Amino acid sequence: MGLKSTIDRYGSMAVSIHWLSAILVLVLIVLGFRAAGTADPVAKAALLRLHLPIGIAVLVLTALRIVWWWRFDRKPDPIAGSPPWQERAAQAVHILFYVVLLGMIASGIGMMVLSGASPIIFGGQGAALPDFSKYLPRAPHGIGARLLIALVVLHAGAALYHQFGRRDGLLRRMWFGK
């Protein structure tokens with residue numbers, strides 16, 4: 001498997017970015033909902049202490065993925081026999097992933113900047129965390145998290161449909177090896 005994609009499978013760079021991003025996004029969702037549901041400020045700060053740098057890592061991976069596709073690589077051809085509406089739906093879901101991820105990152109950064117919470121989270125022992133719901137980016141961040149969950153379920157469901165329903169080897173295209 002080469003670094004770049006071929007007409008029938010993704011290259012190791014795209015596969016690595018995809019699966020690392022997927023794992024980190026799932027971790028972010030869990031951490032974010034746990035932090036939102038935690039009343040204990042020490043526990044909330046500890047969760048956010050993990051959530052923020054992982055969010056930045058997802059930003060870097062997302063930017064790398066966009067640059068990789070735009071400048072250096074090509075996507076494999078569509079799976080043979082896929083109806084055009086499925087290809088369009090797949091493209092729409094992938095674009096929505098980028099839009100929602102970038103929106104989540106922007107709203108997360110906006111919350112940290114507007115609330116001034118970063119120094120408290122990363123070093124303010126005993127300082128009270130702000131009420132994030134008082135800041136405008138909080139609502140889009142929460143909506144984005146729910147949209148992201150819906151997109152993950154849709155994306156995983158489509159992959160499983162291809163793997164076990166159509167049996168067309170789609171998952172092999174997005175994994176390491178031959």
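The values are calculated or read from the model by the stated rules, or taken from the named source; none is laboratory data. Note that the coordinates shown come from a computational prediction; the quantities given were computed from them, not determined experimentally. When we count neighbours, we look across all protein chains shown, and the Cβ atoms used for this are built from the backbone with ideal geometry, even at glycine.
Only one entry in 110, 144, 123 is closer than 24 Å to residue 59 by Cα and over 23 Å from the mean Cα position of the chain (by Cα), namely 123.
Of all residues in region 1-21, exactly one satisfies the criterion of being buried (at least 17 other Cβ atoms within 10 Å of the Cβ), in a helix (DSSP H, G or I) and either free of Cβ contacts under 8 Å to residues at least 24 places away in the same chain or not hydrophobic (A, V, I, L, M, F, W, C) (or both), namely 21.
Taking residue 55, is it in contact with a Gly (Cβ under 7 Å, 6 or more places away or on another chain), buried (at least 18 other Cβ atoms within 10 Å of the Cβ), modelled with pLDDT of 95 or more and part of a helix (DSSP H, G or I)? Even if it seems obvious, please write down each step before you answer.
Details: in contact with a Gly (Cβ under 7 Å, 6 or more places away or on another chain): yes; buried (at least 18 other Cβ atoms within 10 Å of the Cβ): yes; modelled with pLDDT of 95 or more: yes; part of a helix (DSSP H, G or I): yes.
So residue 55 passes the test.
Within region 24-41, can you find the residues that are in a helix (DSSP H, G or I), among the hydrophobic types (A, V, I, L, M, F, W, C) and either closer than 19 Å to residue 62 by Cβ or without any contact (Cβ under 8 Å) to a residue 12 or more places away in the chain (or both)? 24, 25, 26, 27, 28, 29, 30, 31, listed by residue number.
Take the conditions (1) at pLDDT below 90; (2) within 23 Å of residue 168 (Cα to Cα); (3) not in a loop (DSSP other than H, G, I, E, B); residue 79 misses just one of them, which is (3). Checking the stated criteria, residue 110 turns out not to satisfy the condition of being on the phi > 0 side of the Ramachandran plot and at pLDDT 90 or above. Residues in region 85-131 that are assigned to a helix (DSSP H, G or I), touching a Lys or Arg at 6+ places or on another chain (Cβ under 8 Å) and in contact (Cβ under 8 Å) with a residue 40 or more places away in the chain were compared, and the one that is surrounded by the fewest Cβ atoms within 10 Å (Cβ to Cβ) is 122. Selection of first residues in region 42-62 that are of a type in the set (D, E, K, R) and of second residues that are crowded, with 17+ Cβ neighbours inside 10 Å, restricted to Cβ pairs under 8 Å at least 6 apart or on distinct chains, gives the following pairs, ordered by first then second residue: 44/35; 49/121. Looking across region 132-171, the residues that are of a type in the set (Lys, Arg) and surrounded by 13 or more Cβ atoms within 10 Å (Cβ to Cβ) come down to 138, 166.
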